[in-house]
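See below for the structure under consideration.
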Amino acid sequence: MMTASQSDRLNKKDLLGIEDLSKEEIELILNNADAFKEVLTRDIKKVPTLRGKTVINLFLEPSTRTRTSFEIAEKRLSADTINISAQGSSLVKGETLKDMAKNLEAMNPDIIVIRHSASGSPHMLARLCRFSVINAGDGAHEHPTQALLDMLTIREKRGGLSGLKIAIVGDILHSRVARSNIFGLTRMGANVRVIGPPTLIPPFVEDLGVEVYHDLKEGVRGMDIIMMLRIQKERENRSLFPTIREYARFFCLTKERVALAKDDCLIMHPGPINRGVEIDPEVADGPYSVILNQVTNGVAIRMAVLYLLSGEKG
Amino acid sequence: MMTASQSDRLNKKDLLGIEDLSKEEIELILNNADAFKEVLTRDIKKVPTLRGKTVINLFLEPSTRTRTSFEIAEKRLSADTINISAQGSSLVKGETLKDMAKNLEAMNPDIIVIRHSASGSPHMLARLCRFSVINAGDGAHEHPTQALLDMLTIREKRGGLSGLKIAIVGDILHSRVARSNIFGLTRMGANVRVIGPPTLIPPFVEDLGVEVYHDLKEGVRGMDIIMMLRIQKERENRSLFPTIREYARFFCLTKERVALAKDDCLIMHPGPINRGVEIDPEVADGPYSVILNQVTNGVAIRMAVLYLLSGEKG
Amino acid sequence: MMTASQSDRLNKKDLLGIEDLSKEEIELILNNADAFKEVLTRDIKKVPTLRGKTVINLFLEPSTRTRTSFEIAEKRLSADTINISAQGSSLVKGETLKDMAKNLEAMNPDIIVIRHSASGSPHMLARLCRFSVINAGDGAHEHPTQALLDMLTIREKRGGLSGLKIAIVGDILHSRVARSNIFGLTRMGANVRVIGPPTLIPPFVEDLGVEVYHDLKEGVRGMDIIMMLRIQKERENRSLFPTIREYARFFCLTKERVALAKDDCLIMHPGPINRGVEIDPEVADGPYSVILNQVTNGVAIRMAVLYLLSGEKG
């Protein structure tokens, strides 16, 4: 299935963040994901690429969709998968993450996919251990496979990323999705802006090469892509915004607001969506929404990353 | 392994309930289950039938036995299985079941086995999504694979279902097992009666073609089969019956009460059993109990259903 | 891979405890584990030994490391694995362990690995059911695969077990690890002593062939091996010892205390370790610590046990 150029390995042991990736590395991953998408159209959607390899999904924050997407990707590559979740893990017994990592390493897994509430946890694992580490979301830091699947989706629909005008809207401050996309999209030559209330925009975000807007209507004007973020309802009472209702009044993406962007502006969202909070159902289910394409591309991206990291260690 | 007639597919995308099945369709499933029972006697109890297919077990109500039975069936058919349970699912994050379903669909699973506390949930999934849906229990509505395994067990022990006298005893009102069995057994030509206190018999149940008895001793007289239901101890204080002790006094199946049925009357129970509540240990463990045969047949029935739904979509 | 002598089967259906094993049986398991360690050095760390076999991991006490170690061992032997944990199990619904076991048996698994808080649970399963049972820890009784992996580690590092001086330190009273090791190490000809405060030493422990010391410094003198136990912080307020801090003052294994043992004395711990409580980080991470070798050997021992029990039943 793979052509010579597609079989090139990433010269990396781990995928920790988009910040570390060059334009060429991002393109290598996207090209491999394209190849795996072809596999996913077959009746038998399975290849023997990772046969005999052990992948541990270490999800120390709850997650259905990302864990499921990784697990499907792993099984379609014929890997053996082990799931470890927060509850019932020995972290509960007071073991440090470092000790847990060294213990897992002693069992010789090939790849560990980790989600953790503390920024930098995957980096610590990667530094300490021989196995490859894939960051499936660390605190408010990075969520690289999400940004990669977003870039795959945009490239598929628009033929490329360079020169596109892309707005990321919502709680930029707490969003690892936003950070990873900012790194990736700017590196690929897109023009990126972030939109949100001042309390949810990180200080000095302009230094990452993005513009800042506080008014949604003004911000979406002329955009090729609008990428919405999930608003965490749990933050409602932490004085970052008055109420969910108030937030929605100014930042919910409605049909009227989308109309201010380009005619064929794509609507994206990493999910799970809060209907009527950050996005109107009419928009989420509308003709320019690519939200479900993102999910499909998630499996292909994860297959590509697992494949590219499974070769000889760099 | 399969003969020509056994390889007939169900002309259905989903198995949502027994109510939808014709006599011929029920027989097709039972015949295929017979064939799979033969596989289960082998040393290597595994066939490549679903190799490369992805089955998601979406159990949004807790369950060990049904999930385990499905998972064993899936693995013996060589499917790749993914488990999603209530805790840790993004439903917790406020996502609707519909959005969750569309997201799972975007990952291209072949079959989703769903258990959900809301009646009709599997039907919604089936209507919205391309994948096949198997109802593993929806609220107080249906539990079709349970009724199929019950019918397989009876057919195996009695050679057929037509004309048999079968009593279903207990909390008929809340029981999806009772509903599915009433649909199936009456369709196969059995004479079915339900027995329970008036508060636990659904109104108009006679319209489903069954007789109603409120006295266990009277009801079991002359029966070929007594099918007990699990009493939910949680209901004790909801004024549907006075106390568990009081319920047991009138409705516990004791040896003396079984003696009023036919001499070789089979005793069934979907499990888990409450010893000394709805069934006496002497009866549960007695010579005419087929409770464990039901469990064994559960794996074969689930293999048959998975197999029959895994072909081209109808 | 296996030579003729290695393919000898254990003449046992189950592995319930070390107490039941002869010296020859222990050696058979250790020799097979050596052979599997070679498999674990390959790029494809997988053999088809248990293809088509179903192994259920029934962990009714929380555990990450032991469950993960077993699951990796099972998958590297190509078994189909099913995980059942305490939460969401029908034991919650009031089913007895006996009924649960008979139900699982009716689904025809080949091997059940059980961890349970009640001593003797695995023995009950083994007596009642056809499948093979592996005890993964029952109450304060036995944890046989832990003792086997400990013996494998010692044998690897010291060439044998006979005549070695081994101290087991900590909460001997509640430790299944200590009990299994006492049975195994004494049977293999080692000289074993236990060290701990009087409240944590079981009465009549001398009858098992070990000496008792209450002073750590005195006890470790001249030892070849010091095997630390995890102190359960939950016991702090049950009046068995004053406080964790007080316990650590007398029984924490520090560099100074290790210096009283033999120069090349090996340091062992079943994990997860409480740094600064029962073991000082300098010692845990020091040159004579074999704690991570124990973890690696755990996978090999479990592969060996699964393999040896998977043949014809004795």
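The values are calculated or read from the model by the stated rules, or taken from the named source; none is laboratory data. All values derive from a computational prediction rather than experimental measurement. Every residue, glycine among them, receives a Cβ derived from its backbone with ideal geometry; neighbour counts consider all protein chains shown.
Which residue, of A:ASN103, A:ASN135, is over 19 Å from C:SER69 (Cβ atoms), surrounded by 21 or more Cβ atoms within 10 Å (Cβ to Cβ) and not basic (Lys, Arg)? Answer to the check: A:ASN135. Of everything in region A:266-296 that is over 21 Å from A:ARG176 (Cα atoms) and hydroxyl-bearing (Ser, Thr, Tyr), the residue that is farthest from the other protein chains (Cβ to nearest Cβ) is A:TYR288.
For B:PRO242, the criteria (1) closer than 25 Å to B:GLU156 by Cβ; (2) surrounded by fewer than 15 Cβ atoms within 10 Å (Cβ to Cβ) hold in every case but one, which is (1). Here A:VAL194 meets each of (1) closer than 25 Å to B:ASP99 by Cα; (2) touching a residue at least 12 places away in the same chain (Cβ under 8 Å) with one exception, condition (1).
Residues in region A:281-301 that are in contact with a His (Cβ under 9 Å, 6 or more places away or on another chain) and of a type in the set (Ser, Thr, Tyr): A:SER289 only. Against the conditions (1) at pLDDT below 95; (2) in contact with a strand residue (DSSP E or B) (Cβ under 7 Å, 6 or more places away or on another chain); (3) closer than 26 Å to B:HIS269 by Cα; (4) small (Gly, Ala, Ser), C:GLY94 satisfies every one except (2). So which residues in region A:155-188 are over 20 Å from A:GLU142 (Cβ atoms) and free of Cβ contacts under 8 Å to residues at least 60 places away in the same chain? A:GLY159, A:GLY160, A:SER162, A:GLY163, listed by residue number.
Residues in region B:207-222 include none that are in contact with an Asp or Glu (Cβ under 9 Å, 6 or more places away or on another chain) and either modelled with pLDDT under 95 or of a type in the set (Asp, Glu) (or both).
Residues in region C:124-161 that are under 14 Å from C:GLY298 (Cβ atoms) and not hydrophobic (A, V, I, L, M, F, W, C): C:GLY137, C:HIS143, C:PRO144, C:THR145, C:GLN146, C:ASP150, C:THR153, C:GLU156. Here the helices (runs of 4 or more DSSP H) wholly within region C:224-294 that include at least 1 residues being among the small types (Gly, Ala, Ser) and over 17 Å from the mean Cα position of the chain (by Cα) are C:244-251, C:281-284.
Out of curiosity, is C:GLY17 more than 9 Å from every other protein chain (Cβ to nearest Cβ), in a loop (DSSP other than H, G, I, E, B) and surrounded by 18 or more Cβ atoms within 10 Å (Cβ to Cβ)? Spelling it out, C:GLY17 is indeed more than 9 Å from every other protein chain (Cβ to nearest Cβ), in a loop (DSSP other than H, G, I, E, B) and surrounded by 18 or more Cβ atoms within 10 Å (Cβ to Cβ).
Selection of region C:20-45 for residues being part of a loop (DSSP other than H, G, I, E, B), surrounded by fewer than 18 Cβ atoms within 10 Å (Cβ to Cβ) and among the charged types (D, E, K, R) yields C:ASP20, C:ARG42, C:ASP43. In region B:46-163, counting only helices (runs of 4 or more DSSP H) that sit wholly within it, the ones holding 3 or more residues that are within 8 Å of chain A (Cβ to nearest Cβ) span B:97-106. Residue count for region C:266-291, restricted to those that are at pLDDT 95 or above and surrounded by fewer than 19 Cβ atoms within 10 Å (Cβ to Cβ): 6. The numbered conditions (1) assigned to a loop (DSSP other than H, G, I, E, B); (2) within 14 Å of chain A (Cβ to nearest Cβ) are all true for C:VAL299 except (1).
Kindly check whether there is at least one residue in region C:206-213 that is within 14 Å of chain A (Cβ to nearest Cβ), of a type outside the set (Ser, Thr, Tyr), touching a helix residue (DSSP H, G or I) at 6+ places or on another chain (Cβ under 9 Å) and in a helix (DSSP H, G or I). No - not one qualifying residue is present in region C:206-213. Looking at region C:32-45, which of its residues are more than 10 Å from every other protein chain (Cβ to nearest Cβ), in contact (Cβ under 8 Å) with a residue 40 or more places away in the chain and either on the phi > 0 side of the Ramachandran plot or not aromatic (Phe, Trp, Tyr) (or both)? Matches in region C:32-45: C:ASN32, C:ALA33, C:ASP34, C:ALA35, C:LYS37, C:VAL39. Here is the figure for region A:21-54: residues that are acidic (Asp, Glu) and at pLDDT 95 or above total 4.
Condition first: touching a Cys at 6+ places or on another chain (Cβ under 8 Å) and within 17 Å of B:ALA167 (Cα to Cα). Can you find one or more residues in region B:251-263 that meet it? Looking for residues that are touching a Cys at 6+ places or on another chain (Cβ under 8 Å) and within 17 Å of B:ALA167 (Cα to Cα), one finds at least one in region B:251-263, hence yes. State whether the residues of region A:126-140 include one that is under 20 Å from A:LEU240 (Cβ atoms) and within 19 Å of the chain's Cα centre (by Cα). Yes.
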